[in-house]
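Asker: I am attaching a structure below and will ask some questions about it afterwards.
What follows is calculated from the coordinates using simple rules that are stated; it is not laboratory data. None of these values were measured; they are calculated from a predicted model. Backbone-built Cβ (ideal geometry, glycine too); neighbour counts: all protein chains shown.
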């Protein structure tokens, strides 16, 4: 009788590779450096945007630093955060206060004057439209009305001049109507934050 065959020993399966060690968390210094870099990128970006709107870029930088701060900042802290000169920061603060986009802190921590940003972005935009764009368009309307009055006074019996005056009056009236429509659009936006361009679109189509 044959002895039972011995089973061949199976090799043990290889153990799975150990998972990689998680990266070490950044140090406090690295966290602070990255945070300050992010703030600088945002303040530079808003500064460039403000420059596009014909405001000083420093106004965008200072407002952004205050907007991103959890607590009011004094002028020295704003200088450190923006790399602007003390004189530039002082002048910019006064301009921002005049526009109403920053305010003095009600309860200063110390004797230093501290400032905080207006955080209602829509209120900021509508205030700018009310204080600047609306005034500009209203001035355009007044000047075009003055031009129409001058044309009305400059009457002539010469046929060629009559035709020329009629042509000029028609064209200036078109510009005047368009300016008044634009003023109404900006006024509604400045008052309630609602921007409806249908009236302006219709005015443009009517003048083609």
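Asker: Quick check: the distance between the Cα centres of region 20-76 and region 128-165, to the nearest angstrom?
Answerer: 47
Asker: Going by average Cβ neighbours within 10 Å, how do the peptides 164-172, 88-96, 62-70, 151-159 rank, with the highest at the top?
Answerer: By packing density, highest mean first, the sequence is 62-70, 88-96, 164-172, 151-159.
Asker: Test of understanding: what is the full-extension gain from residue 171 to residue 125, defined as 0.36 nm times their sequence separation minus their Cα-Cα distance?
Answerer: Taking residue 171 through residue 125 to full extension adds about 13.3 nm, to one decimal.
Asker: Hey, with R₀ at 30 Å, roughly what FRET efficiency would residue 187 and residue 103 work out to, going by the Cβ-Cβ distance, to 0.05?
Answerer: 0.75
Asker: Hey, can you rank 46-54, 18-26 by average C-beta count inside 10 Å, highest first?
Answerer: The peptides rank, most packed first, as 46-54, 18-26.
Asker: Based on the alpha-carbon gyration tensor of region 28-119 and its eigenvalue square roots a ≥ b ≥ c, which shape applies: rounded if a/c is under 1.5, prolate if not and a/b is larger than b/c, or oblate?
Answerer: Oblate.
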